[in-house]
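Written out below as structure tokens is the structure these notes cover.
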Amino acid sequence: MGLLEQMNTRLSHRGPDDSGICVVKGGGIGLAHNRLSIIDLSPQGHQPMWDIGEQALIVFNGELYNYRELRKELEDSGFSFKSHSDTEVLLNLYLKDGEAMLPKLNGMFTFAIWDARKKILFLARDGLGVKPLYYSQTVKGFLFASELKALLLEPTVERTIDPLAIQSYLTFLWCPAPHTILQSIKKVKPGCAMLVHDGKIKKEWQFYDLPYHQTIKPYSVEEAVAYVQEALKTAVSRQMVADVPVGAFLSGGLDSSSVVAFAKEFSTSAKVQCFTIGIKGQELAAEGMTEDLPYAQKVAHHLNVDLHTIFVGPDSVNHLERMIYHMDEPEADPAALNVLFICQLAHEHGIKVLLSGTGGDDIFTGYRRHHALMGEKYWEWLPTIGRSGLKSFLQSLPGSGPKTRRLQRAFHYADLEGDERIASYFFWTPPDVVEQLCKPLLDQAQERGNPPSSLLVNSLLNLPQHTSKLNRMLYLDTKHFLADHNLNYTDKMSMATGVEVRVPLLDPDLIHLACQLPLEYKQHGFTGKWIFKKSMESYLPLSVIYRPKTGFGAPLRYWLKNQLKPLVDDVLSPASIKRRGLFDPKAIERLIAMDRAGTVDGAYTIFALLCLELWQKIFLEENAYALRN
């Protein structure tokens with residue numbers, strides 16, 4: 001079996017309906033594809049796909065929501081089609097407009113087009129980074145894939161750990177693009193494209209950025225409500241396009257409930273099929289989290305949709321290694337397991353497409369850090385020494401309950417200034433703790449380099465200097481936290497089960513509108529997503545719209561001290577850590593002991609270390625792919 005076939009087989013879970021390989025004679029190029037049939041289920045949608053004149057060859061992952069409009073434009077220009085797929089529309093659009101096609105696309109996508117005329121490979125990733133794209137430039141040439149694990153089948157792809165990526169991962173629980181855990185593999189940033197010639201990258205550029213350069217519009221509340229309602233409705237209707245049934249996540253929160261409310265209007269099924277998680281046991285309350293299921297049931301009854309529930313409990317941890325294998329990059333968030341279980345349930349019910357409410361918090365506000373940022377006006381006037389004192393006082397408070405923990409986090413970096421302080425809101429592990437943990441790795445590195453915060457601060461250089469603090473934070477939310485974390489695990493977990501997840505709240509027109517809104521329409525005092533909530537008052541129960549905020553997570557702190565305790569003691573034992581040589585065994589041992597004693601909240605840092613060690617075991621050691629099924 002050749003390398004291309006091996007790589008395609010490794011990713012067969014992403015497209016169980018069809019697969020194909022094409023090696024271009026004399027071109028030094030081979031493309032492979034696994035197909036999840038959503039639009040045009042016929043064999044004519046097979047990939048890799050040549051255009052009718054065999055001038056260009058494409059592999060495409062994702063969906064174009066405006067492909068019908070683009071097809072009409074192409075037909076009016078004289079182009080012919082052999083299929084009804086959006087893939088062929090994308091291919092012909094390239095032949096018509098070349099690289100200038102990119103701003104016309106409304107969809108989620110990564111694609112690679114081999115231009116046989118120019119002997120150039122053209123690759124692009126959608127503006128929000130809904131779909132992943134990894135690449136590696138080796139001594140043998142250029143490799144790319146939707147998942148990192150396929151690239152590791154090529155022996156010349158080096159396995160050297162990237163120290164900055166490790167620091168970033170422990171700091172944020174995820175790693176900002178373009179870095180991955182391995183120095184030899186990068187990920188294309190959202191909204192970016194590249195040209196490859198003779199196995200080398202010849203050009204890279206950004207074709208889309210979040211439109212925060214716009215002037216804030218003085219909309220009245222009534223105008224803003226009407227615009228948001230219309231944009232939401234249009235976004236959902238666009239993303240209902242499919243030749244298979246479309247279902248939806250339904251957590252009972254504002255975002256997923258709003259998507260379902262509009263999906264009901266455009267669904268061709270008798271009832272929209274919705275899916276949610278139920279948590280067994282009482283551990284969520286100890287984490288300060290509210291159970292979603294009662295709210296999901298209330299919304300399902302209100303909208304008259306079918307709700308399918310999968311109940312999960314402590315045995316979820318048995319799927320941890322499977323999660324890490326399919327995640328591709330280590331990420332320390334057990335919420336990924338929820339996505340995996342829900343998508344598996346949808347697959348069992350014959351649903352290939354699910355609509356998700358992901359993105360609402362990132363464009364309209366909704367996270368606790370947005371509330372905390374807007375609260376800075378009450379204390380940021382203090383001199384640095386005063387802010388340092390405030391920070392020290394709060395860190396000295398006893399107890400590790402949810403309220404104390406959140407208060408300490410909100411002021412942990414109060415002594416920082418400007419964009420550095422905005423970036424610090426994304427820290428899960430303090431930089432000094434990361435340095436202690438990573439001392440052996442950093443000592444091996446030839447140079448220390450910049451801290452992880454610099455990756456976020458540098459991203460903010462893309463914005464006009466006058467951009468407000470709140471919009472600067474939302475930019476980082478969407479550019480990094482969403483793309484590098486939430487969207488990454490959502491894509492990997494869903495595609496592992498042969499299910500495609502779409503995100504209507506990330507429609508470009510809706511984002512364009514959100515960037516224009518007055519700040520107080522987004523974070524209105526203590527209320528996040530204020531204008532979004534006002535817009536949905538005529539569609540959903542007020543008790544759902546204004547319910548307490550909760551994460552789409554799991555009782556991780558309880559798990560680490562109970563079900564996961566033996567695994568932590570084994571995988572993070574001093575002997576295991578010393579053998580790997582990346583971290584300080586005593587620093588990890590001390591962190592675990594303090595977390596179990598309740599003197600620090602180190603749960604997510606410990607989980608991050610656990611996932612990273614398991615990732616190395618799965619991907620870098622013998623019998624690495626025992627979990628592939």
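Are any residues in segment 201-239 of a type in the set (D, E, K, R) and touching a residue at least 40 places away in the same chain (Cβ under 8 Å), and if so, which ones? If the condition is that a residue be of a type in the set (D, E, K, R) and touching a residue at least 40 places away in the same chain (Cβ under 8 Å), then K202, D209, K217, R238 are the ones that fit.
Only one of the listed residues (I161, I113, I120) is of a type in the set (A, V, I, L, M) and at pLDDT below 95. That residue is I161. The condition of being in the same structural domain as T490 (by TED's automatic domain parsing), more than 19 Å from the chain's Cα centre (by Cα), assigned to a helix (DSSP H, G or I) and touching a residue at least 24 places away in the same chain (Cβ under 8 Å) holds for L345. Scanning segment 76-119 for residues that are part of a strand (DSSP E or B) and in contact with a Leu (Cβ under 6 Å, 6 or more places away or on another chain) turns up G107, T110, A112, W114. Summed over segment 527-547, residues that are surrounded by fewer than 14 Cβ atoms within 10 Å (Cβ to Cβ) and assigned to a helix (DSSP H, G or I) total 2.
W205 satisfies every condition listed in (1) touching a Ser or Thr at 6+ places or on another chain (Cβ under 9 Å); (2) modelled with pLDDT of 95 or more except (1). In segment 469-512, the residue that is nearest to G418 (Cα to Cα) out of those that are among the small types (G, A, S) and in a helix (DSSP H, G or I) is A483.
Within segment 16-48, the only residue that satisfies the criterion of being more than 21 Å from V246 (Cα to Cα), free of Cβ contacts under 8 Å to residues at least 24 places away in the same chain, of a type outside the set (A, V, I, L, M) and part of a strand (DSSP E or B) is S19.
Given the structure, is K187 basic (K, R), more than 30 Å from A300 (Cα to Cα) and surrounded by 21 or more Cβ atoms within 10 Å (Cβ to Cβ)? Answer is yes for this residue.
Residues in segment 436-458 that are under 13 Å from S168 (Cβ atoms) and free of Cβ contacts under 8 Å to residues at least 60 places away in the same chain: S454, V457, N458. Residues in segment 93-130 that are among the charged types (D, E, K, R) and either in the same structural domain as A242 (by TED's automatic domain parsing) or under 19 Å from K479 (Cβ atoms) (or both): R125, D126.
Looking at this structure, is D569 of a type in the set (D, E) and either assigned to a loop (DSSP other than H, G, I, E, B) or in contact with a Ser or Thr (Cβ under 9 Å, 6 or more places away or on another chain) (or both)? It is false that D569 is of a type in the set (D, E) and either assigned to a loop (DSSP other than H, G, I, E, B) or in contact with a Ser or Thr (Cβ under 9 Å, 6 or more places away or on another chain) (or both). Among the residues of segment 296-314, those identified as farther than 18 Å from F341 by Cβ and of a type outside the set (A, V, I, L, M, F, W, C) are K298, H301, H302, N304. Counting only residues that are small (G, A, S), surrounded by 15 or more Cβ atoms within 10 Å (Cβ to Cβ) and modelled with pLDDT under 95, segment 574-596 holds 1 of them. For segment 148-161, the set of residues classified as touching a helix residue (DSSP H, G or I) at 6+ places or on another chain (Cβ under 9 Å) and part of a loop (DSSP other than H, G, I, E, B) consists of L152, L153, E154, V157, R159, listed by residue number. The residues listed here are H512, H524; of these, the one that is surrounded by fewer than 17 Cβ atoms within 10 Å (Cβ to Cβ) and not aromatic (F, W, Y) is H512.
Residues in segment 465-475 that are surrounded by fewer than 24 Cβ atoms within 10 Å (Cβ to Cβ) and touching a helix residue (DSSP H, G or I) at 6+ places or on another chain (Cβ under 8 Å): T467, S468, K469, L470, N471, R472, Y475.
Applying the selection to segment 228-275, what residues are closer than 17 Å to V544 by Cα, among the aromatic types (F, W, Y) and assigned to a helix (DSSP H, G or I)? F262 - this is the single residue of segment 228-275 that is closer than 17 Å to V544 by Cα, among the aromatic types (F, W, Y) and assigned to a helix (DSSP H, G or I). Pairs are defined by a Cβ separation below 8 Å, a sequence spacing of at least 6 or placement on different chains, a first member in segment 536-563 that is of a type in the set (K, R), and a second member that is modelled with pLDDT under 85 and not in a helix (DSSP H, G or I); the pairs so defined are R547/T290; R557/E287. The C-beta contact set for segment 418-429 (first residue free of Cβ contacts under 8 Å to residues at least 60 places away in the same chain, second residue surrounded by fewer than 21 Cβ atoms within 10 Å (Cβ to Cβ) and of a type in the set (F, W, Y), distance under 6 angstrom, 6+ apart or interchain) comprises R421/Y413; S424/Y413.
Could you check, for segment 578-588, whether at least one of its residues is of a type in the set (A, V, I, L, M, F, W, C) and farther than 22 Å from L182 by Cα?
yes
Among the conditions (1) under 30 Å from V457 (Cα atoms); (2) out of contact with any strand residue (DSSP E or B) (no Cβ under 9 Å at 6 or more places or on another chain); (3) surrounded by fewer than 20 Cβ atoms within 10 Å (Cβ to Cβ), I201 misses just one, which is (2).
The values are calculated or read from the model by the stated rules, or taken from the named source; none is laboratory data. What you see is a predicted model; the values in this text were computed from it and never measured. Heads up, the Cβs are rebuilt from the backbone with ideal geometry, glycines too, and the neighbour counts pull from every protein chain shown.
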